[in-house]
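Note sheet for the following structure.
The values are calculated or read from the model by the stated rules, or taken from the named source; none is laboratory data. Since the model is a prediction, treat every value here as computed from it, not as a measurement. Here the Cβ is made from the backbone with ideal geometry for all residues, glycine too, and neighbour counts use every protein chain on show.
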Amino acid sequence: MLVRSLRQLHVRNLVTERFTFGSGLTAVVGPNAAGKSNLLEALMLGLSGSGSGSKVTESLRFGHEQGYVRVEFEGADGEHTVEVALTPGRRTVRLDSQVVPAAELGPLGGVVLVAPQDAEVVHGAPARRRNFLDNLLARLSLRYALVLREYLRVLEQRNALLRAGDPSGTRSTWDARFVTLGEEVASLRSRAVVSLARSAAEAYDQIAGGAHGFEVSLEPCHPEPGLAAALEATRSAETARGATLVGPHRDDLRLLLGGRELQAYGSRGEARTAALALRVAERALLEARHGRPPLLLIDDVNAELDSRRRTFLVRLAESAPQAIVTGTEAPDGAARVWRVEAGRVSTGAAEELEVADGP
C-alpha cells in the first residue's frame, strides 16, 4: 500500500489539515505531546476505519463532537479513497464513495502500526492478545471478519438469554448457532497461528541475534473433544453466572521464550522484542496475502529499545516502499523530515505537504 494524501479535521490536536506523502521513509519529529502520534492516528482511522481508542470521542479534538478523515492510496488492486466521518457515537466509513463496514478495508492491503504500548500484547490481559490476532486475521480474510462479527453478535444474544433465565426456551437454538460459528472461528485462528508462529520466531531471532526459541501458539479456553461438549459441561455454571464461560472469546495466545511463559516471566525488554517480532510477522503475512508490503507506521522509534533493536527497526523502515516514523530525532536514512509543534506540521519542501490550518 502507498498512501498518496491525507485530509483530516478535528483528529486529536492536529491543526494541519492536508498532507501529501511520497515513497520511502518520512520522519515526523517534535517534542512530546506535539501531535506526532496523532498524525499516525489519523492515518490509522483512514486506512482501517478505526483508531486506537474504542470510542469516537477518543479520536476527536477536545471540545469537538465531529471529525473527518479522507485518505487516498494505491492498494493491491488499484487506487482507492476512504472517508471516515466521526459523529456522536459512530464512525461512518465510505470506500470509493460507498458506505461499507470497516471490515471491507482489510483486503485492500493494510497498515501495520508499531508502538511502545505493544508490550501490553505480551504482559497485558488475554483480550489484548486476542485483539491482536483478530485484527490481523480480519485483514487476511474477509470471511474471518464476517464470521467473527456474527459470532460476537450471537454471543451477546446468548449472554442476554442466560441473564434472563431463558424465558423463551430457545437456549438450544442459540447453542447450535454458537457452536457452528465458534468452531469456524477456532479453526481459522488455529491455521493462521501456525504461519504467525513461524514468522514471529524468525523475526525474534533476527531482532535479538541468535536463536532464542520464541514460540507462539493458540491456547483454547476449553479442552477437546469440542465446543459443544464444553457447553454441556459448563451448563449449570453458565446458568448460575448468567454468562457464556467457554468459546473463542476466551481463548489466548501462548507466548514462550526458551520454554518460559513470557507473560509471567519475561522482562520488559523481552516483552518489547516479542511484541516487535509479532508486528514484523504481521507485516510479513499481510505482504504474502496481498502481494505488496503494507504501509509501515512506527510511533516513537526511540522508545525503550536498545541500540540493536532500534537499528533493526530503522532498517526495516528504510527498506519499506513507504514508512512513516515519529520521534524526537529523525533517523539518518529519512527521505524527508516533517516537524510538529502544537499540532501544526511543517516541512522545508512545499510540494510534500499542503498546509490548510483548520479553525
Verdict on ALA230 being under 27 Å from ARG163 (Cα atoms) and of a type outside the set (S, T, N, Q): yes
Set LEU60, LEU6, LEU86: member being farther than 22 Å from GLU282 by Cα, at pLDDT 95 or above and buried (at least 19 other Cβ atoms within 10 Å of the Cβ): LEU6
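Each row is one residue, and each column tells you yes or no for (1) at pLDDT below 90; (2) surrounded by fewer than 16 Cβ atoms within 10 Å (Cβ to Cβ); (3) among the hydrophobic types (A, V, I, L, M, F, W, C).
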position	(1), (2), (3)
THR26	no, no, no
LEU40	no, no, yes
GLY46	no, no, no
ASP77	yes, yes, no
ARG94	no, yes, no
LEU105	yes, no, yes
Among residues of region 243-296, those that are β-branched (Val, Ile, Thr) and in contact with an Asp or Glu (Cβ under 7 Å, 6 or more places away or on another chain), counted: 1
Number of the exception - PRO293 against (1) modelled with pLDDT under 90; (2) assigned to a loop (DSSP other than H, G, I, E, B): (1)
Residue check, ARG268 exposed (fewer than 13 other Cβ atoms within 10 Å of the Cβ), under 20 Å from PHE132 (Cα atoms), over 15 Å from the mean Cα position of the chain (by Cα) and not aliphatic (A, V, I, L, M): yes
Residues of region 255-272 satisfying the condition of being among the polar types (S, T, N, Q) and either touching a strand residue (DSSP E or B) at 6+ places or on another chain (Cβ under 7 Å) or assigned to a helix (DSSP H, G or I) (or both): GLN263
Top-ranked residue of region 170-206 - restricted to ones that are in contact with a strand residue (DSSP E or B) (Cβ under 8 Å, 6 or more places away or on another chain) and among the charged types (D, E, K, R), ranked as farthest from LEU142 (Cα to Cα): ASP205
Qualifying residue in region 70-91 (condition: among the hydrophobic types (A, V, I, L, M, F, W, C) and out of contact with any Gly (no Cβ under 9 Å at 6 or more places or on another chain)): no
Unique match (being modelled with pLDDT of 95 or more, buried (at least 18 other Cβ atoms within 10 Å of the Cβ) and farther than 23 Å from LEU47 by Cβ) among VAL154, VAL194, VAL147: VAL154
